[in-house]
Amino acid sequence: MYRVQDNHELRAVLAMSFTDFNELNGIMVANWKLFESLLRRQTWVQSILQTMERSRNGIMHSGELPAEDIERIGANIRHWMKQTGG
């Protein structure tokens, strides 16, 4: 859910929209029983989310990602989608 804030761009309203990969990892670990049948291995989830978090931090702090990091993100997303049936 989004809303316009002070005539600027749309802003998220739900707290989940502000969750970063590190926090998402903690949520999933704390509630693993809900995710286990879909994701199977916590170490796999943690590895992908840690990799994505490093890339996210670089981008969000005005950095640029090298081509191999962009390719890695794409591979991780494809792997995640294949694993989760998405």
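The numbers here are math on the coordinates, done by the rules we state, and not lab data. The structure displayed is predicted, hence computed values, not measured ones.
Some values worked out for this structure:
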{"quantity": "Computed over the chain, Kirkwood Rh from alpha-carbon pairs, angstrom", "calculated": "14.8"}
{"quantity": "Mean separation of Cα contacts under 8 Å, 6 or more apart, over the residue count of the chain: relative contact order %", "calculated": "21"}
{"quantity": "CD proxy at 222 nm, helix term only [per DSSP H run n ≥ 4: -39500 (n - 2.57); per residue of the chain; nearest 500]", "calculated": "-20500 deg cm²/dmol"}
